[in-house]
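The values are calculated or read from the model by the stated rules, or taken from the named source; none is laboratory data. Fair warning: this is a prediction, and the values are worked out from it, not measured in the lab. Quick reminder, even Gly has a Cβ in these numbers, built from the backbone with ideal geometry, and neighbours come from all protein chains shown. Heads up: the accessible areas ignore ligands, DNA and RNA and are worked out on the full protein's heavy atoms, side chains in. Shrake-Rupley method; radii C 1.70, N 1.55, O 1.52, S 1.80 Å.
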Amino acid sequence: MIRHIVLFKFKPGFGWQDPAALAAERSSRLVGERVPGLLHWQVGRNIAERPIAYDFAAIGLLPDQDTLHSYQDHPFHQESAALWSAISTWVVADLEE
């Protein structure tokens, strides 16, 4: 099993009041329904108010590396990632369980 974790931090000038941020959030919520192979999908806004905190997280569970690669290459995932790319930077960690 692979736990896929992505943390997004808004670029300067963007925040939750921005329509682009809301569109990226909506898209992320749909990834779990539209991209096959995910055993679990969880997304959400960060509630920590620390300066080092990221703004949004996506956490997925996939059975293996092949499924992870298929998920990454899926057109809907690519569309969602492009929305985030326009408004944020992000970090990724893939953990074997």
Per 5 Å bin from zero, what fraction in whole % of the C-alpha pairs of region 1-66 is there, up to the bin with the longest pair?
3, 16, 25, 22, 16, 11, 6, 1
Dipole magnitude of the chain about its Cα centre, charges +1 at Lys/Arg Cβ and -1 at Asp/Glu Cβ only, in debye to the nearest 20?
400
P(r) tail fraction, region 29-82 - alpha-carbon pairs more than 19 Å apart, %
33
Per residue of the chain, what 222 nm ellipticity follows from adding -39500 (n - 2.57) for every DSSP H run with n ≥ 4, rounded to the nearest 500?
-12500 deg cm²/dmol
So residue 14 and residue 48, fully extended at 0.36 nm per residue minus their Cα-Cα distance, gain in nm 10.5 nm
Would you rank 90, 84 by solvent-accessible area, highest first, keeping every protein chain in place and using a 1.4 Å probe?
90, 84
